[in-house]
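Chemist: Handing you a structure now.
A short reminder: the numbers here are calculations on the coordinates, not readings from a lab. Small disclaimer: the values here were computed from a predicted structure and weren't measured. Counting neighbours? That spans all protein chains shown, and the Cβs are built from the backbone with ideal geometry, glycine included.
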Amino acid sequence: MAEFVAFYILPAVFVLTYLLQLWSGFAVAGISGDQVLVDRRTRPGPYWFIMAIQTMILVVAPILVGMWG
């Protein structure tokens, strides 16, 4: 069960969250803090920086995990 969640459910949630952020224009910058949501219309620089970091996490991290094991 844990393997199913780790390999299928979590990646699906991450990808759906990423697509929702692209579609809505709001990026989730963190769990706590003053700027939890960053709006693409008012702050495009930080928005695209957050999306770039999340893209690296969604693409580079699985590649590194695949190369490791």
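Chemist: Take M1, M51 and order them by how many other Cβ atoms sit within 10 Å, fewest up front.
Modeler: So the ranking, lowest neighbour count to highest, is M1, M51.
Chemist: Let me ask something else. When N is the residue count of the chain, what does its C-alpha Rg come to as a fraction of 2.2 N^0.38 Å?
Modeler: 1.26
Chemist: Order of 53-64, 36-47, 2-13 by packing, highest average Cβ count within 10 Å first?
Modeler: 36-47, 53-64, 2-13
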